[in-house]
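One structure below.
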Amino acid sequence: MHPVISAAIVRFKPFALVGIASLLLAACGDTPVSEPELSFEEALQQQLIEAQPGDVIEIPAGTHELTRGLSLNVGGVTIRGAGMDASILSFRNQAQGAEGLLVNADDFVIEDLAIEDTIGDALKINDSNNVTIRNVRTEWTNGADTGNGAYGIYPVQSTNVLIEGSVAIGASDAGIYVGQSNQIIVRNSRAEYNVAGIEIENSTYADVYDNVATNNTGGILVFDLPNLPVQGGRNTRVFNNQIENNNTANFAPEGNIVGTVPAGTGLMILANDNIEVFGNEFVNNNSANVMIVSYHITGIAVDDENYDPFPESIYIHDNDFVSGGSQPDSEPLAMLQQATGQAIPNIVWDGTLVPGNSAADILCLQDNSGESFVNLDAMNGFAAPSFDAGAHDCRMDPLDAISLSAADD
């Protein structure tokens, strides 16, 4: 009997009836007809289809080859493996489905397993409440490649999302992405060799902390974009992260917004409001360790009348900056380096002001070790960059911590 179906047999009465019929036939002297054993893929699909609230679906140790995408639409289900390097769902021969696992269910937990080499997104969770993703690895094992799926760990339009102890490698968009969602914690995780390591997009009330973002194109992105059902990204704290060596060449498919992110970006805040950045260590991100920019920097026209393209109330304090800015992958930054003969400063602001606001309304800087700064003067065609951070010598009220019931357990 395959281990993955053992917990379900008691519930599936047709199996029991077949067993009784077989015994009666044997008693009459006839040879019983044995039911064909389900493959791992068939058994797992059946458990997901027949799942009931409270079920725990166990994924045994081993590499399990799957050819079709999986889906779950029942709340209160846990999918649990034996460890992210022990229980591996491999989709390297996937022939059907746009994702590895697609979930549309509340009170969902997935933990201690890996999802590898999906055609599209690895783990997508849509329109769900109370989601826990713990010790999950998503990976494209051929490394950074434009043909890889877009997203590794991908909750969208969801509430109360906890991602912890997880690893994302090789996504052609974002390794760990939370979009159009509310009440979010991403912690103790690692993102590497993705275009965007960790991305919070068009979301509200997020804490991103104690993570490692390394060898991505951009380490951590906090974006707000137009033409999406949920807008007004705000209230994100990015703290106590290690953000280093995010210098992988951008391998996003042509046309993707993350394709505009320069290789060598540590943290980019784009058109998002009320962001607090503190306690992080930024090391050797070759374009710039931190960038704060409006959507206009992309050069893409804004055709959404409800969209606010300007970042506001960005508070960056008590971070450590070590090197960086030595090989900028951006025309304005490259021109700046050529003009000065120096590395790009650690904190780059494009200089785009919200009409009626002052520089201090946009950005405050306090107590950063190794801090250097430039205002690119993007509003005037980058004509007169300024390295004077005096206008940003200010403080803002700290943001409140995010608390989720699952995170507090």
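List of remarks:
- Looking only at segment 298-325, and only at residues there that are out of contact with any His (no Cβ under 9 Å at 6 or more places or on another chain) and of a type in the set (F, W, Y), the one that is surrounded by the fewest Cβ atoms within 10 Å (Cβ to Cβ): Y307
- Y295 farther than 18 Å from T265 by Cβ, touching a Pro at 6+ places or on another chain (Cβ under 8 Å) and either hydroxyl-bearing (S, T, Y) or buried (at least 16 other Cβ atoms within 10 Å of the Cβ) (or both): no
- Segment 35-46, residues that are touching a residue at least 24 places away in the same chain (Cβ under 8 Å), farther than 19 Å from I133 by Cβ and part of a helix (DSSP H, G or I): F40, E41, A43, Q45, Q46
- Search result, residues across segment 60-84 that are out of contact with any Lys or Arg (no Cβ under 7 Å at 6 or more places or on another chain) and assigned to a loop (DSSP other than H, G, I, E, B): P60, A61, L66, T67, N73, V74, G75, G76, V77, G81, A82, G83
- Residues of segment 367-396 satisfying the condition of being part of a strand (DSSP E or B) and either aromatic (F, W, Y) or surrounded by fewer than 16 Cβ atoms within 10 Å (Cβ to Cβ) (or both): S369, F373, S386
- Residue in segment 326-345 that is part of a loop (DSSP other than H, G, I, E, B) and surrounded by fewer than 14 Cβ atoms within 10 Å (Cβ to Cβ) present: yes
- Test: residue in segment 186-194 that is over 10 Å from the mean Cα position of the chain (by Cα), surrounded by fewer than 24 Cβ atoms within 10 Å (Cβ to Cβ) and more than 18 Å from G266 (Cβ to Cβ): yes
- Only a single criterion out of (1) modelled with pLDDT of 95 or more; (2) under 18 Å from N274 (Cβ atoms) is not satisfied by A360, namely (1).
- Count of residues meeting criterion [of a type in the set (D, E) and within 26 Å of the chain's Cα centre (by Cα)] in segment 50-67: 2
- You will find that of Y154, Y177, the residue that is in a strand (DSSP E or B), under 20 Å from V77 (Cβ atoms), under 12 Å from the mean Cα position of the chain (by Cα) and of a type in the set (F, W, Y) is Y154 and no other.
- Candidates are the residues of segment 267-298 that are hydrophobic (A, V, I, L, M, F, W, C) and not in a strand (DSSP E or B); the one that is modelled with the lowest pLDDT is I297.
- Subset of segment 93-136 (residues that are among the charged types (D, E, K, R) and assigned to a loop (DSSP other than H, G, I, E, B)): D106, D107, D117, D127
- Members of segment 273-292 that are crowded, with 22+ Cβ neighbours inside 10 Å and in contact with a Ser or Thr (Cβ under 7 Å, 6 or more places away or on another chain): I275, N285, N286, S287, A288, M291
- Of all residues in segment 327-344, those that are closer than 18 Å to N284 by Cα and of a type outside the set (S, T, Y) have Cβ atoms under 8 Å from Cβ atoms of residues that are modelled with pLDDT of 95 or more and in a helix (DSSP H, G or I), 6 or more apart or on another chain, in P328/A334; P328/L336; P328/Q337; A343/Q337; I344/L333; I344/L336; I344/Q337.
The values are calculated or read from the model by the stated rules, or taken from the named source; none is laboratory data. Please read all numbers here as calculations on a predicted model, not as lab measurements. Here the Cβ is made from the backbone with ideal geometry for all residues, glycine too, and neighbour counts use every protein chain on show.
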